[in-house]
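Computed from the coordinates by the stated procedures, all read-outs in this text should not be read as laboratory data. Being a predicted model, the structure only gives us computed values, none of them experimental. Methodologically, a virtual Cβ is constructed for each residue, glycine included, from the backbone with ideal geometry; neighbour enumeration extends over all protein chains shown.
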Amino acid sequence: MTKIGKLFFTFGLLIASLVSAADERPNILYIMSDDHAAHAIGAYGGRLAELNPTPTIDRLAKEGILFENAFATNSICTPSRACVITGQYAHTNGVHDLGGKIEAARQFLPAEMKKAGYNTAMVGKWHLKEEPGAFDFYTVLPGQGDYYNPTFRTQGEKKWPNNTFKVEDTHSSTAITDITLKWLKDGWDKEKPFFLMHHYKSPHDYFKNDHKYDDYLADVDIPQPKNLWLENQPKFGSIATLGYEGELIPHIGTSIGNRNPRRSYAGDLPGLFPEEFPKNYDPSKLSDAEVKTNAYNVYLRKYLRCVKGIDDNLARLFAHLEETGQMDNTVIMYTGDQGFMLGEHDYQDKRWMYDESMRMPFLVRYPKSIKAGTRSDAIVENVDYGPTMLAFAGIETPDYMQGASFKEVCETGKEPEGWKQEAYYRYWMHMAHHDNPGHVGIRTKNYKLIYYYACNYEGEYQTPPAWELYDLKSDPSENVNVYDDPKLAGTVKKLKARLAALRQRIGDTGEDFPECEKVLQEFWDYDGADKAKAVELSNAFLKTRKAELAERDAKAKAKKAKQKGKKKA
């Protein structure tokens, strides 16, 4: 063979080896459900594990790694999804609340995957408003989407969002899985590895499950959290969540029972699902405890039926991967877009920094490099998810992403030197929808420090500010606020300093909303004068809320009278 021939032969071998290496890159399957709390997954071992709600999802933990300390940096749908798709915190990507959006140019995660040669797809709940144009393929729900007979937006001849189709006589969880399976069979370019984001709408409230699960748990009294009952947590909260002398208990945080007159499952669920309540159900003839117990059982049954639908559909998806030989060649990640309050502290929804809301389930299966049955208490945030997926694909984290890859943790079960020891949290939607005050905080493995600065973006509509500290080792359910414990004064001081430094390090300087930042800084020290002003704000907000409720009731009464008048006419 001539020298030139040998050169071409060697070059050919090099190219072949590079192509072979590229072909051996794993597929990445990122599965995210909406509002699926970690403590509603059997593998996490919570009070619901005895009901065995998630055998398929539990398989990922058994055959891979389970993260005990995975956290949303803002426990609300749109901001959480924006953090994952950009690898940036809310104050950087600009998605502070449900009004936020991420246009194609900033859909960094699929763009990087596509640039590296992955075939990219997005199926299910998108919730970032703009077209998911960075993906090769997409079929997504409009906004929240419908539970039954869902409409989807997809690519086509018309301009986004006008290419739509409807799936009749089908629950959304099944429809989403069907679309993903069809893409895997017919749409995926099998010359490339795939990056697939597979997102369920379930179990977002109001929990409309597939009817085939209507009998699931029908006669079961769902295990309750002890702190469903306020008398079991007398040292929980602060003036920010309770008021100065408990006067704001009815008005902060929407409830399971009758506590909050504005919004509760006790008020909403009987109208939505009358068939789930006892025959001739009349809450006016029941005690508050009986009303709450009935609402709680219906809430959890409907929620877990939605979870059951997800788990069964994932069994279908995993069976396809097994049949096609792709199961062990795919990094499978499962998570929720945040946690969810399942009655803890008598709260519904999410948004809170309390662990049931802030914690995300996060499980990863990839037997080629992840040891089965691994658990990790490493602190990871949803801004880290994108960099970790990129790392499994062999792609370095771009400089514009603020998150960091925890691939090494997945593969070794150990934290690399210098790994983060704290999670950041910021909830911006002050008193919107579910009556949660604006707050910011830091979560370490041992402590959680929450600061309710308690105002909107303009520094207005103030509720009383306060700090809360929870010792997570002795009080994992966060029932005892120890902020004022003299023995922990040093701990408070250190955590405040760490929180201030963390805000600066990640760039949450408050520049975008200076009036809000002004209020945040005003009560930071929380001295005697600050506490006195907090009492004034508590009393003032109580008057405001009572006036709002009176106005609401007057409008409802006038509307009813008007409708009655029309009927007579």
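Can you compute the FRET efficiency between Ala556 and Asp282 using 1/(1 + (r/R0)^6), with r the Cβ-Cβ distance and R0 = 35 Å? Round to the nearest 0.05. Write down the numbers at each step before the final one.
Details: r = 21 Å, r/R0 = 0.59.
Given R0 = 35 Å and the Cβ-Cβ separation, E is 0.95.
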Inter-label distance, nm, simple model (7 Å from Cα along the C-beta direction), Asp221/Tyr400: 5.6 nm
Residues of the stretch 176-213 with amide N under 15 Å of the 7 Å Cα→Cβ point at Thr324: 177-198
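Net charge around Tyr206, counting only other residues with Cβ within less than 9 Å of its Cβ (Lys, Arg = +1; Asp, Glu = -1)? Could you put the intermediate results ahead of the total?
Numbers: positive: Lys208, Lys302; negative: Asp205, Asp268.
Counting the neighbours of Tyr206, the net charge comes to 0.
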7 Å from Cα along Cα→Cβ at both Lys531 and Glu515: what's the point-to-point distance in nm? 3.0 nm
Residue by residue through the stretch 533-548, which ³J(HN,Hα) values in whole Hz follow from phi under the Karplus form 6.51 cos²θ - 1.76 cosθ + 1.60 (θ = phi - 60°), with glycine and proline marked x? 5, 4, 5, 4, 5, 5, 5, 5, 5, 4, 4, 4, 5, 4, 5, 5
With only Lys, Arg, Asp and Glu charged, each at its Cβ (+1 for the first two, -1 for the last two), find how big the charge dipole of the chain is about the Cα centre; round to the nearest 20 debye. 1040 debye
Order of Thr151, Thr54 - criterion: other Cβ atoms within 10 Å of each residue's Cβ, fewest first: Thr151, Thr54
Cut-off under 19 Å on the C-alpha distance; same-chain residues fewer than 8 positions from Lys562 excluded. Which aspartates and glutamates are left, in chain and number order? Glu551, Asp553
Candidate aspartates and glutamates for bridging to Lys496, where Cα separation is under 12 Å - those fewer than 8 sequence places away on the same chain excluded: Glu468, Asp525
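Any chance you could run the full-extension gain for Asn446 through Glu408? It's 0.36 nm times the residue separation minus the Cα-Cα distance, nm to one decimal. Mind showing how you got there, number by number?
Numbers: separation 38, 0.36 × 38 = 13.68 nm, distance 2.30 nm.
11.4 nm is the gain from fully extending Asn446 to Glu408.
Run the numbers for Tyr461 and Lys487: contour at 0.36 nm per residue of separation, minus the present Cα-Cα distance, in nm. Please list the in-between numbers first.
On the way: separation 26, 0.36 × 26 = 9.36 nm, distance 3.43 nm.
Extra length from Tyr461 to Lys487 when fully extended: 5.9 nm.
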Pop out the ³J(HN,Hα) list for the stretch 164-181 in order, Karplus 6.51 cos²θ - 1.76 cosθ + 1.60 with θ = phi - 60°, rounded to Hz; leave Gly and Pro as x. 10, 8, 10, 9, 7, 6, 9, 7, 4, 4, 5, 4, 4, 5, 4, 5, 4, 4
Toward the positive end of the charge dipole of the stretch 435-569, about the Cα centre and with charges on Cβ (Lys, Arg +1; Asp, Glu -1), which of Gly438, Tyr453, Ala561 goes farthest? Ala561
If amide H atoms are built 1.01 Å from N in the plane of the peptide, which residues on other chains or at least 5 residues away come under 5 Å of the amide H of Lys201? Lys125
In nanometres, the difference between 0.36 nm per residue of separation and the alpha-carbon distance of Arg262 and Arg375 is 36.6 nm
Binning every alpha carbon pair distance of the chain at 10 Å from zero, what are the percents per bin? 3, 17, 27, 26, 17, 7, 2, 1, 0, 0, 0
Counting sequence-distant residues (5 or more places) and residues on other chains, those with an amide H built under 5 Å from that of Glu381 are Phe71
